[in-house]
1. Counting only residues that are without any contact (Cβ under 8 Å) to a residue 12 or more places away in the chain and assigned by TED's automatic domain parsing to the domain that holds residue 384, give me the helices (runs of 4 or more DSSP H) lying completely in the range 199-316 with at least 1 of them.
2. Can you spot a residue in the range 219-226 that is closer than 17 Å to residue 426 by Cα and in contact with a helix residue (DSSP H, G or I) (Cβ under 6 Å, 6 or more places away or on another chain)?
3. So which of 286, 313, 302, 266 ends up being surrounded by fewer than 23 Cβ atoms within 10 Å (Cβ to Cβ) and under 29 Å from residue 214 (Cβ atoms)?
4. Within the range 356-370, how many residues turn out to be surrounded by fewer than 22 Cβ atoms within 10 Å (Cβ to Cβ) and either in a loop (DSSP other than H, G, I, E, B) or not assigned by TED's automatic domain parsing to the domain that holds residue 307 (or both)?
5. Would it be correct to say that residue 184 is under 25 Å from the mean Cα position of the chain (by Cα) and either farther than 30 Å from residue 440 by Cα or assigned to a strand (DSSP E or B) (or both)?
6. Residues to consider are 253, 258; find the one that is under 21 Å from residue 409 (Cα atoms) and within 21 Å of the chain's Cα centre (by Cα).
């Protein structure tokens, strides 16, 4: 009977795959990836962002029709989610206070050990933003226009959940929709890459990291990867073979949804190009950077989080954030930083200020200049240190924005866009399938500012 059930399930997987234009090549990986992404995103959506079970489910299934075939069990009392894909693969993800969710793996107790330690909660300040939670600088006219913009977004099906404008260092408007509000930690996806770059810039500023030292990780000491420099990793020109296609069986999905240690997976990738010559967008590269941070801050989950808290989260005054580590205890710098729109805006404002916020220098002014300058690749120079740039290629990325604009961007069209010449930061968070018209929206916002 069991063989019959498994056979029927396999036939069902193949039928679903073929119906959705998927080849058999990755069908073997699909059950593990489906259950992995399901458990992870549902757990974080429910217990980090605080969404209802239905909202978390609605968000999940937008990634693939295959995910409609997951069986899901929410355990709210233990803050745990278990998913199974047609009985072929089952994954459980557990929430740990302060560090969010990740899939449970046998033999990896780093997150559980951290949960058992007594910790002092992050401080919440009642002072004015950007130091605290108080916002008293709203421009009523622009606020009304931003409310209309988010309403229009959602009438068009763009699923925008937060829009926030910082001008001249002050929040002048913020609008929220759905189950999100000013305190909701929202998933930034690849915007976490930009924060991880800042964290490494902070280590450099403190004299704890020399960007010219090679090998960057000790596993590369005896092969051609020893020539890869930190700057190559920061600019995604490291030359490592890594597929960001997000199909089952590809590197990104395997690393994020089926591996206990994302950084181990990424570090193991071979060389495909000479370092510094070819841009290749890679979440694996971002998790190698996470490992660099881990190695330089004590090489334990508790030590690296303590360093992050003392030198990043507290001086930036993060109020509603969670940075999730993988099962091996390394922060998932490619993808899993959750923050309120106000906290995302703090990152943008610090960059706009040349590396300073709340009276604290996080990175050097020189680092900000390097981080927002074009890279040396032959194929895509409009990318800095994990920030997307408007300049560097023949055409601007955002044709109607100033050349000095740059952004942290993430899947589902998350963005923190910094426009230094306008003294402007715009945060957009949501769950868009397809493209979000960020160029057009920011042009509208700039128009509002000229009529103040």
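1. Where helices (runs of 4 or more DSSP H) fall fully within the range 199-316 and carry at least 1 residues being without any contact (Cβ under 8 Å) to a residue 12 or more places away in the chain and assigned by TED's automatic domain parsing to the domain that holds residue 384, they are 301-308.
2. no
3. 302
4. So the count comes out to 3.
5. No; evaluated as a whole, the condition is false for this residue.
6. Of the residues listed, the single one that is under 21 Å from residue 409 (Cα atoms) and within 21 Å of the chain's Cα centre (by Cα) is 253.
For (1) in a helix (DSSP H, G or I); (2) surrounded by fewer than 22 Cβ atoms within 10 Å (Cβ to Cβ); (3) within 22 Å of the chain's Cα centre (by Cα); (4) in the same structural domain as residue 302 (by TED's automatic domain parsing), each residue gets a yes or a no:
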residue: 35; (1), (2), (3), (4): yes, no, yes, no
residue: 38; (1), (2), (3), (4): yes, no, yes, no
residue: 56; (1), (2), (3), (4): yes, no, yes, no
residue: 82; (1), (2), (3), (4): no, yes, no, no
residue: 98; (1), (2), (3), (4): no, yes, yes, no
residue: 113; (1), (2), (3), (4): yes, yes, no, no
residue: 122; (1), (2), (3), (4): no, yes, yes, no
residue: 141; (1), (2), (3), (4): yes, yes, no, no
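The rows are residues; the columns are (1) assigned by TED's automatic domain parsing to the domain that holds residue 413; (2) more than 19 Å from the chain's Cα centre (by Cα); (3) in a strand (DSSP E or B); (4) buried (at least 23 other Cβ atoms within 10 Å of the Cβ).
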{"residue": "157", "(1), (2), (3), (4)": "no, yes, no, no"}
{"residue": "163", "(1), (2), (3), (4)": "no, no, yes, yes"}
{"residue": "173", "(1), (2), (3), (4)": "no, yes, yes, yes"}
{"residue": "179", "(1), (2), (3), (4)": "no, yes, no, no"}
{"residue": "197", "(1), (2), (3), (4)": "yes, no, no, yes"}
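The values are calculated or read from the model by the stated rules, or taken from the named source; none is laboratory data. Predicted model, so just to flag it, every value in this text is computed and none were measured. When we count neighbours, we look across all protein chains shown, and the Cβ atoms used for this are built from the backbone with ideal geometry, even at glycine.
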